[in-house]
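The values are calculated or read from the model by the stated rules, or taken from the named source; none is laboratory data. Every value quoted in this text rests on a predicted model; they were computed, and no experiment measured them. A quick note on method: Cβ atoms are made from the backbone with ideal geometry, for glycine too, and the neighbour counts reach across all protein chains shown. These accessible areas exclude ligands, DNA and RNA; they are computed on the full protein's heavy atoms, side chains included. Shrake-Rupley method; radii C 1.70, N 1.55, O 1.52, S 1.80 Å.
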Amino acid sequence: MNSKADILIVDDIPEHIAFAGAILKNEGYKVYAVTDGSSALEFLKSRRPDLIMLDIRMEGMDGLELCRKIKSNSETADIPVIFLTAETNRDVIRQGFECGGCDYVVKPFIPEEYLARVKTHLDISRKAQALAASNNELRLFCSAVSHDLKSPLNVINMLIDTLKNELGENQNENVIKITDMISDKSTKLIVMIERLLNFSKMCNITPEFETLDMEYIINSVFNEQLSSEPQRNISLIMGELPPITGDAVLIEMLVKNVISNAFKFTAPRRNAVITVASIPNDEYNIISIKDNGVGFDMAYSDKLFKIFQRLHMAEEFDGSGVGLALVDRIMRRHGGKVEAYGKVDKGAEFRLFFLKS
């Protein structure tokens, strides 16, 4: 295993390179060495080591600046960097971690400690690469399965439409009922597959944070939902909301799921109301979204945010069982959380906890 690991040592003192290199070579590692930052960057253009051992104090470009350049390049950003330093100053060590270093070894180092840190971070890096590869394979698998499942379902819908056209006015009530049921079930399966694929994609999205106007997003989503159900008597009452920091695509996806959930479960109400407000808090920007719908039993609230879990019968309320799981995952990707409160026939409330900037 060690013989397959390439390690680059960057140090402007040849004696230090010789000492550290000998320790690593004795353990079976393949060692490369350069004595300045520019040479290191040139080396990385053609080779990709598994680990970089980097001296902080060097003439010209120091280790901190070199590390920043390494981490700013997508081709080398995931290479673990361990700093070698005679510094014990906390500020210098902090800067090392801030610019992307994963660990440090204080000179003069103990060989056993030096090797232990090298082995640990090589192991972590290999596991991270294996996990990333597995996630990518899973994403490709989900995409392929989605396509393979949706294609025959779309064909079924086309065949149903063709059958109806062939039968024309000769259809009896039973035939109409059966064909409509088949069409309805296949359409629901297509929606479920799309939702599941969206959930899978979301897990791999890297959020791009910006300041977002939550009042605008919620109003837009509400009006869009209302336009698809113009017969509904449903109103939105919204107080002043703070701006939040988040990924625009993910937050809109989150709000759509919460608002569509409120629309769905207020369907039995003649006058449905969705109330949105801000709740004061020192640590979080908390946004509360309440409805006066059918609510739920808090005894089963732990199921709400699990994928494919439902608290109401599918015959009562349509749905894929993915929406609230997506809401939970998006909030966690933003360093926040979501909480749900409800009473049977008394409505539901979802509280979104966004970390303050």
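What to note about this one:
- In the set (1) within 30 Å of Ile193 (Cβ to Cβ); (2) open to solvent by 20 Å² or more (accessible area, probe 1.4 Å); (3) at pLDDT below 90, Met298 fails one condition alone, (1).
- Residues (over 15 Å from Glu224 (Cβ atoms), open to solvent by 20 Å² or more (accessible area, probe 1.4 Å) and assigned to a helix (DSSP H, G or I)) located in the range 250-291: Phe265
- Listed here are the strands (runs of 3 or more DSSP E) enclosed by the range 1-59 that have at least 1 residues being surrounded by 13 or more Cβ atoms within 10 Å (Cβ to Cβ) and touching a residue at least 60 places away in the same chain (Cβ under 8 Å): 6-10, 51-55.
- Tabulated pairs, the range 230-250, first touching a residue at least 40 places away in the same chain (Cβ under 8 Å), second aromatic (Phe, Trp, Tyr) and open to solvent by 40 Å² or more (accessible area, probe 1.4 Å), C-beta under 8 angstrom, 6+ apart or interchain: Thr245/Phe209; Gly246/Phe209; Asp247/Phe209
- Failed item, numbered, when Glu87 is tested on (1) outside any loop (DSSP other than H, G, I, E, B); (2) open to solvent by 30 Å² or more (accessible area, probe 1.4 Å): (1)
- From the list Thr179, Thr211, Thr187, Thr206, the one residue that fits, being open to solvent by 90 Å² or more (accessible area, probe 1.4 Å) and either assigned to a strand (DSSP E or B) or modelled with pLDDT of 75 or more (or both), is Thr211.
- All of (1) in contact with a Lys or Arg (Cβ under 7 Å, 6 or more places away or on another chain); (2) over 21 Å from Leu324 (Cα atoms) hold for Val221 with one exception: (2).
Residues checked against (1) at pLDDT below 65; (2) buried (at least 19 other Cβ atoms within 10 Å of the Cβ); (3) over 24 Å from the mean Cα position of the chain (by Cα); (4) not aliphatic (A, V, I, L, M):
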| residue | (1), (2), (3), (4) |
| --- | --- |
| Leu304 | no, yes, no, no |
| Gln309 | yes, no, no, yes |
| Ala314 | yes, no, yes, no |
| Val338 | no, yes, no, no |
| Tyr341 | no, no, yes, yes |
| Val344 | no, no, yes, no |
| Ala348 | no, yes, yes, no |
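- Filter result (in contact with a strand residue (DSSP E or B) (Cβ under 9 Å, 6 or more places away or on another chain), assigned to a helix (DSSP H, G or I) and at pLDDT 85 or above) within the range 90-126: Gly96, Phe97, Glu113, Tyr114, Arg117, Val118, Thr120, His121, Leu122, Ser125
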